[in-house]
Every structure is written in C-alpha cells, then in structure tokens.
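Quick notes on the structure that follows.
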Amino acid sequence: METQESLEIQSALTPNPLSERELADLVVRTCEDTKAQNVLLFDVHENTIVADYYVVCSGTSMPHIRAIAEHVRRALAEQGIRPRGIDGEPESRWTVLDYGTVLVHILEPEMRNFYALEELWDETKIVYRSGEAR
C-alpha cells in the first residue's frame, strides 16, 4: 500500500498533462457524472496560494460522497494524476481531495450549509455553477 509520503513524491515527479483549468473542468464533469449536487467551481488563483481552483459539491449520503470522491480519483488517475492528499472520515460527512492546484470539497448538504464554503469568496469568483453552460 502506498503511503501519503510516497504519493506526494510520485505526484511531484509526474508532470500534469492538463492545465489547471482543464483539471478543474474534468473534476466538475466527473462530479456531475456521479450525480453530485450543486456543483460550484471557484477561480481563486488571485486570492490564495493554496490552490487555483476550488470545487465544492454535495453528496446525498456518505456512500454517495465516497462514490463521487472515488470517481474523481479514478478519472484523474486515468490522466496520470494522483491526489497529494485525501482527507475525510465517515463521521465528518465531508471529503477533501487535494490535487495541488485544484481542491475538491464533497460535503453532505447539512455540513455544506454549516461551513458555508461558498461564502469565503464573492460571486465573481464562481466560474461554473451546476446547470450553467461551461
């Protein structure tokens, strides 16, 4: 089994074949393909050094959240891209996938309302919202 450290080293050594925006768009498509709800894509490259894009979406249950996360992980692995980190326990009702330039937050609706991640940035940072044309 790969350790977190070996994943980080391997991820740092493997060039990303996609641009940051292409990576973010692939994450969004994959989330929507797995029926994630209320998907938002934020372009925050001017506001933080943590990531260029944040994807925030909701899953209806922990099995759904795990399925969304697993589909994102597989879709990006097919492109040769591995996460730097994955965090989230079943009791947290929230999973985060860290792809360096793209952070993916998958939450149950109740947790999403409580933490209100969307309120960290103003509306002008939203570059995609579920139901809108990409």
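Values in this text are rule-based calculations from the coordinates and carry no lab data. Predicted model only: the values in this text are computed from it and were never measured. Positions of Cβ are backbone-derived with ideal geometry, glycine not excepted, and every protein chain shown enters the neighbour counts.
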Ranked by GNM mean-square fluctuation in the chain (Cα springs under 10 Å), the top entry among L107, L120, L18 is L120
Among bridges DSSP assigns within the chain, what percent are antiparallel (round to 5)? 75 percent
Taking the Cβ of each residue in I126, I68 as the centre, tally the other Cβ atoms inside 10 Å and list the residues starting with the fewest. I126, I68
Work out, step by step, the length gained on full extension between N38 and E22: first 0.36 nm times the residue separation, then minus their alpha carbon distance; give nm to one decimal. 3.8 nm
Along the positive direction of the dipole of the stretch 4-129 (beta-carbon charges: Lys, Arg +1; Asp, Glu -1; about the Cα centre), which of F42, V56, A75 reaches farthest? A75
Run a plain Debye calculation on the stretch 71-134 (Cα atoms as equal point scatterers, no solvent) and give log10 I(q)/I(0) at q = 0.22, 0.29 Å⁻¹, rounded to two decimals, same order as the q list. -1.14, -1.22
Highest mean first, what order results for 96-102, 46-52 on Cβ atoms within 10 Å? 96-102, 46-52
So, with +1 on the Cβ of K and R and -1 on the Cβ of D and E, and no other charges, what is the size of the charge dipole of the chain about its Cα centre, to the nearest 20 debye? 360 debye
